[in-house]
Every structure is written in C-alpha cells, then in structure tokens.
Amino acid sequence: QVQLVQSGGGLVQAGGSLRLSCTASGPNFSAYAMGWFRQGPGKEREFVATIRWDAPSALYADSVTGRFTISKDVTRNTVYLEMNNLKPEDTAVYYCAANPRALGLRPGSYNNWGQGTQVTVSS
C-alpha cells in the first residue's frame, strides 16, 4: 500500500514563503498526476495545483497563480509546493494527493491522500 507522507508547513508572516513536500512511500508507486489541495476553517477542500507525473504539464488555481509553484522529483517519488508571497487567506490545511487518470481539479478524482499539513499565515 502506497502512502503519501507530507512535510513542511508551519507559521509564517504575510509575504513570507514556505515549501511543502509529499513523498510516496511503498512499492510500485504510479500516478498520472499529483495534486495539492487545501481546506480552510469552515470551508470545503479546494484545488491548489496539479502536475503530471510523466510530463511538465501543470495547472494552478487562479488564487495562487504567480505565487505558488508545483514541482516534482520522480527519482525521489516526491512532489513539492513552493509558496511565495503568502497571504492570510492562504491559511489552511494542505493536502497532497495522487490521481490515477487525469490532471484533476476535483478532490473526488484523487484516490490517495497525504495526512495534511497546517499552513498558517499571520497578518
């Protein structure tokens, strides 16, 4: 059973930066794409970014375009989310996830999830 293990996150002031990591552990990991989602207090889980595992294609939510960058290291089975110019509204629990079929924007299209990492941005 492949597990997605997240690291990074924490507390940062507005305008600061953080990097999240998500490593797939276990045998025979494969995915069409890896994505990042977030869920703020009292909100639904929302799409942040996704990247194809075997190609450079990536998609971003409008709210993070130009500030966040998704990347991967396939040799380490790891996907990253570099977050710059953070804003208080970016405060949320961030989740990575694996999608077996597409660059999905919906959480329901992902079938394997990390444990979640808290990101808090103070004003």
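Descriptive notes on the structure:
- Test result for N99, in contact with a helix residue (DSSP H, G or I) (Cβ under 6 Å, 6 or more places away or on another chain) and either closer than 16 Å to A31 by Cβ or open to solvent by 40 Å² or more (accessible area, probe 1.4 Å) (or both): yes
- Among the residues of segment 108-123, those that are out of contact with any Phe, Trp or Tyr (no Cβ under 6 Å at 6 or more places or on another chain) and either open to solvent by 40 Å² or more (accessible area, probe 1.4 Å) or assigned to a strand (DSSP E or B) (or both) comprise G108, N111, N112, Q115, Q118, T120, V121, S122, S123.
- Among residues of segment 1-20 that are on the phi > 0 side of the Ramachandran plot, none has a Cβ under 8 angstrom from a residue that is of a type in the set (K, R) and open to solvent by less than 30 Å² (accessible area, probe 1.4 Å) at a sequence gap of 6+ or on a separate chain.
- Only one of the numbered conditions (1) open to solvent by 80 Å² or more (accessible area, probe 1.4 Å); (2) under 15 Å from G104 (Cα atoms) is not met by Y32, and that is (1).
- Total residues in segment 44-87 satisfying the condition of being among the hydrophobic types (A, V, I, L, M, F, W, C) and open to solvent by 50 Å² or more (accessible area, probe 1.4 Å): the figure is 2.
For (1) under 20 Å from W113 (Cα atoms); (2) modelled with pLDDT of 95 or more, each residue gets a yes or a no:
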position	(1), (2)
V5	yes, yes
G16	no, yes
P27	yes, no
R38	yes, yes
D54	yes, no
T65	no, yes
T69	yes, yes
N84	no, yes
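- Those residues of segment 32-53 which are hydroxyl-bearing (S, T, Y) and either free of Cβ contacts under 8 Å to residues at least 12 places away in the same chain or assigned to a strand (DSSP E or B) (or both), in sequence order: T50
The values are calculated or read from the model by the stated rules, or taken from the named source; none is laboratory data. In this text, all values refer to a predicted model and were calculated from it rather than measured experimentally. When we count neighbours, we look across all protein chains shown, and the Cβ atoms used for this are built from the backbone with ideal geometry, even at glycine. Just the protein is used for accessible areas: all its heavy atoms, side chains included, with ligands, DNA and RNA removed. Shrake-Rupley method; radii C 1.70, N 1.55, O 1.52, S 1.80 Å.
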